[in-house]
Amino acid sequence: MKRILILFAHPALQKSRVNTHLIDGVIDLNGVTVHDLYERYPAHDIDVRHEQALLLEHDIIVFHHPFFWYSTPPLLKEWQDLVLEHGWAYGSAGTALRGKLFMNAISTGGRQEAYSTEGYNRFTIRQLLAPLEQTARLCGMLYLPPFVVHGTHVVTPEAVLEHTRCYRTLLTALRDERIELQHMRMLDTLKSPDILHDLLHDDNEVRHA
């Protein structure tokens with residue numbers, strides 16, 4: 001069983017019904033650690049050694065956050081600057097994270113069609129996340145496409161529940177190594193139950209990318 005660390009960063013969680021549901025839907029999963037950065041570090045006084053120890057204890061790292069200005073909230077950016085040290089996370093001697101899996105789980109008010117070459121934002125979500133994808137690669141991690149919830153301002157309660165179910169299904173499958181990583185890596189984003197169903201396999205064989 002793979003161990004999953006969710007680095008959750010939302011500076012105004014009380015205003016986000018989507019992220020509240022998503023986190024509540026996975027917090028009880030065995031093998032999953034939900035680490036709320038804004039709860040842990042209200043003054044942004046990040047304990048670098050503690051964070052590095054958490055990373056070493058887990059196999060899959062998830063940045064779960066709202067999509068702030070096409071990037072992460074400020075505390076998560078500060079976390080990256082401080083925790084991913086040269087000589088530890090990257091560089092000739094920085095091999096601590098090598099071989100781990102990395103992905104984003106993000107929410108955005110923009111609809112799916114807004115994130116395209118013809119859309120309002122001119123780029124896809126995957127393209128806009130390129131700095132994080134390259135960060136993962138620099139640290140020797142395998143980057144997986146992001147899990148995305150679009151249109152958070154207009155999403156229905158029924159859709160929120162479906163997104164929550166999908167998120168839980170995805171994390172459970174990654175934890176249990178029941179997902180086709182090679183197929184998954186070719187996708188731009190993960191957005192629907194149909195996509196997740198296509199990635200899952202039911203036998204006990206571990207399939208590697």
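The values are calculated or read from the model by the stated rules, or taken from the named source; none is laboratory data. All of these numbers come straight from a predicted model, not from anything done at the bench. Every residue, glycine among them, receives a Cβ derived from its backbone with ideal geometry; neighbour counts consider all protein chains shown.
Some values worked out for this structure:
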item: Selection from segment 120-154 of residues that are part of a helix (DSSP H, G or I), under 11 Å from THR189 (Cα atoms) and of a type in the set (A, V, I, L, M, F, W, C); result: ILE125
item: Some residue of segment 111-119 being farther than 23 Å from ILE46 by Cα, surrounded by fewer than 17 Cβ atoms within 10 Å (Cβ to Cβ) and of a type in the set (Asp, Glu); result: yes
item: Every pair of residues 6+ apart whose Cβ atoms lie under 6 Å, when the first sits in segment 144-168 and is more than 23 Å from GLN182 (Cβ to Cβ) while the second is basic (Lys, Arg) and assigned to a loop (DSSP other than H, G, I, E, B); result: HIS150/ARG111; GLY151/ARG111
item: Only listed residue being exposed (fewer than 14 other Cβ atoms within 10 Å of the Cβ) and under 23 Å from ARG175 (Cβ atoms), chosen from ALA105, ALA53, ALA96; result: ALA53
item: Residue list for segment 76-115, restricted to those being within 27 Å of LEU187 (Cα to Cα), without any contact (Cβ under 8 Å) to a residue 40 or more places away in the chain and not aromatic (Phe, Trp, Tyr); result: LYS77, GLU113, ALA114
item: Lone qualifier among LEU190, LEU170, LEU174 - being surrounded by 14 or more Cβ atoms within 10 Å (Cβ to Cβ), touching a Phe, Trp or Tyr at 6+ places or on another chain (Cβ under 7 Å) and modelled with pLDDT of 90 or more; result: LEU170
item: Pair list, Cβ under 9 Å, 6 or more apart: segment 127-142 residue on the phi > 0 side of the Ramachandran plot, other residue surrounded by 14 or more Cβ atoms within 10 Å (Cβ to Cβ) and not β-branched (Val, Ile, Thr); result: GLY140/ALA89; GLY140/TYR90; GLY140/GLY94; GLY140/ALA96; GLY140/LEU97; GLY140/LYS100
item: Among (1) touching a helix residue (DSSP H, G or I) at 6+ places or on another chain (Cβ under 9 Å); (2) on the phi < 0 side of the Ramachandran plot - the single one GLY151 does not satisfy; result: (2)
item: Test: residue in segment 132-141 that is surrounded by 14 or more Cβ atoms within 10 Å (Cβ to Cβ), at pLDDT below 95 and of a type in the set (A, V, I, L, M, F, W, C); result: no
